[in-house]
Amino acid sequence: MSDSKKNAPKRRFEEFSNANDWEQRKLGEVVDFLNGKAYKQQELLEFGKFRVLRVGNFNTNDRWYYSDLELDENKYANKGDLLYLWATNFGPEIWNEESVIYHYHIWKLQFLSNELDKQYLYTWLLTDKEKIKQTTNGTTMVHVTKGSIEQREFQYPTNKKEQQKIGMFFKQLDNTIALHQRKLEKIKALKTAYLSEMFPAEGESKPKRRFAGFTDAWEQRKVLEIAKETYGGGTPKTSVPEYWQGKIPWIQSSDLIIDSLFNVIPKKHITEVAIKNSAAKYIPSNSIAIVTRVGVGKIVFMPFEYATSQDFLSLSNLQVDYNFGVYSIYTMLRRELNNIQGTSIKGITKSDLLEKNLIKPTSMNEQQKIGTFFKQLDDTIALHQRKLQKLQNIKKAYLNEMFI
């Protein structure tokens, strides 16, 4: 690829570096935006001849159907059609499944000539996605009007081969991103399955799956029994800037990510004076920090010394393998939250948390094997997440440079 100084993007494929300037047109001059079918909710069925593509299942496998109706061909989206969701969320999609009836909140784009490549326009619409949100209307259902999108100006190479090469480049990049996304989801599902099999079910004393050589029943302990020390937290006065210019990592609930049990990155640091003048505590390394209030259910292993907000309970001087301990508490919290059946939990008292029951192997060796196994799984998940993020960043950079 090379850079260009003409009315063209910063980055072009080498063979088009001396090609003509790009042309500017309005979307309504090159495509028709065809309205989908407006239906009533009671018309939807669980089974039927025609699947319905609507706002709620635009990018999911959710299936709803119409009864056996005869509709105009333009009300169907067929494989390869370019669609655009214009209500609630925004964005294009090239439909790659069976024929469906598309809902009123979706447009099908009908090309008025063959001068424009479909994959190119799809990619350009992705670059325009954030900008078009600034032109939305409505409060109960935010939407883009057909008139406004038809008037949107866009640029494209007059050479269709350049369009096709750009479109194919991003399609291949999207395929690579999708591949890494599938790998990531597969490993996450594998971890969930192993957690359910390698920790005993409620009321059981042995897991379904174990490492070879271990047969003894696990023993029950309260959370307070697996740590010799516990710590609360506090927030130094934010009105004293000097408190927040130290080197002691201070974490709050928003620093933690659900289901991410390691590698927290503290955004704030406090001083020794801040600790002396607040409820914040200096907590030893190799502790487990558990959110008990806002964001209850979040948990992280802390390999370095730190302090927390009042939303945490920290377990220190652990009497179990560090890695096993964090996965054991994580598994217990997931079960507790799942048993709530959708009720919103604002928090759990520290005393209640310390009284919760855990179950652990009597053998430290078995604890270590389990902890190491899941830590390696999480390291693999983190590796794939970094790869995926890198690819998404690359795509974003190329979108900025390869379009005007």
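The values are calculated or read from the model by the stated rules, or taken from the named source; none is laboratory data. If you're wondering where the values come from, they're calculated on a predicted model, not measured in any experiment. No Cβ is skipped: glycine too gets one built from the backbone with ideal geometry, and neighbour counts run over all protein chains shown. Accessible surface is based on the protein model in full, side chains and every heavy atom, while ligands, DNA and RNA are left aside. Shrake-Rupley method; radii C 1.70, N 1.55, O 1.52, S 1.80 Å.
Of the numbered criteria (1) assigned to a helix (DSSP H, G or I); (2) out of contact with any Lys or Arg (no Cβ under 8 Å at 6 or more places or on another chain); (3) surrounded by 13 or more Cβ atoms within 10 Å (Cβ to Cβ), the one Ile132 fails is (2). For beta carbons closer than 7 Å, sequence separation of 6+ or different chains, a first residue in segment 142-158 that is touching a residue at least 60 places away in the same chain (Cβ under 8 Å) and on the phi > 0 side of the Ramachandran plot and a second that is open to solvent by less than 40 Å² (accessible area, probe 1.4 Å) and part of a strand (DSSP E or B), there are no qualifying pairs. Go through segment 213-256 and tell me which strands (runs of 3 or more DSSP E), entirely inside it, have 1 or more residues that are more than 13 Å from Tyr282 (Cβ to Cβ), in contact (Cβ under 8 Å) with a residue 40 or more places away in the chain and of a type outside the set (A, V, I, L, M). Those strands (runs of 3 or more DSSP E) span 219-222, 227-231. Can you pull out every residue in segment 345-392 that is open to solvent by 60 Å² or more (accessible area, probe 1.4 Å) and either in a strand (DSSP E or B) or at positive phi (or both)? Across segment 345-392, the qualifying residue is only Asn357. The selection criterion, being at pLDDT 95 or above, over 30 Å from Asn18 (Cβ atoms) and open to solvent by less than 50 Å² (accessible area, probe 1.4 Å), holds for Phe199.
Within segment 194-203, the set of residues being of a type outside the set (A, V, I, L, M) and either free of Cβ contacts under 8 Å to residues at least 60 places away in the same chain or not in a loop (DSSP other than H, G, I, E, B) (or both) comprises Tyr194, Ser196, Glu197, Gly203. Find all pairs meeting these conditions: Cβ atoms under 7 angstrom apart; at least six residues apart or on different chains; first residue within segment 359-378 and within 13 Å of Thr331 (Cβ to Cβ) and at pLDDT 95 or above; second residue buried (at least 16 other Cβ atoms within 10 Å of the Cβ) and small (Gly, Ala, Ser). Close Cβ pairs satisfying both conditions: Lys360/Ser328.
Yes or no, residue by residue, for (1) at pLDDT 95 or above; (2) open to solvent by 70 Å² or more (accessible area, probe 1.4 Å); (3) within 26 Å of the chain's Cα centre (by Cα):
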residue	(1), (2), (3)
Asn114	no, yes, no
Asp128	no, no, yes
Gly138	no, no, no
Val142	no, no, yes
Glu153	no, yes, no
Gln164	yes, yes, no
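Among the residues making up segment 140-169, those that are among the β-branched types (Val, Ile, Thr) and outside any helix (DSSP H, G or I) are Thr140, Val142, Val144, Thr145, Thr158.
Just one residue in the set Glu225, Glu305 is touching a strand residue (DSSP E or B) at 6+ places or on another chain (Cβ under 7 Å), surrounded by 12 or more Cβ atoms within 10 Å (Cβ to Cβ) and acidic (Asp, Glu); that residue is Glu305. Scanning segment 230-277 for residues that are exposed (fewer than 15 other Cβ atoms within 10 Å of the Cβ), of a type outside the set (A, V, I, L, M) and more than 30 Å from His384 (Cβ to Cβ) yields a total of 10.
Going through segment 98-116 one residue at a time, which ones are touching a Leu at 6+ places or on another chain (Cβ under 9 Å) and assigned to a loop (DSSP other than H, G, I, E, B)?
Initial filter on segment 98-116 (touching a Leu at 6+ places or on another chain (Cβ under 9 Å)): 100-103, 105-111.
His105 - this is the single residue of segment 98-116 that is touching a Leu at 6+ places or on another chain (Cβ under 9 Å) and assigned to a loop (DSSP other than H, G, I, E, B).
Within segment 6-28, the set of residues being of a type in the set (Asp, Glu) and either at pLDDT 95 or above or touching a strand residue (DSSP E or B) at 6+ places or on another chain (Cβ under 7 Å) (or both) comprises Glu14, Glu23. Restricting segment 100-112 to residues that are surrounded by 15 or more Cβ atoms within 10 Å (Cβ to Cβ) and of a type outside the set (A, V, I, L, M, F, W, C), the residue that is nearest to Asn175 (Cα to Cα) is Lys108.
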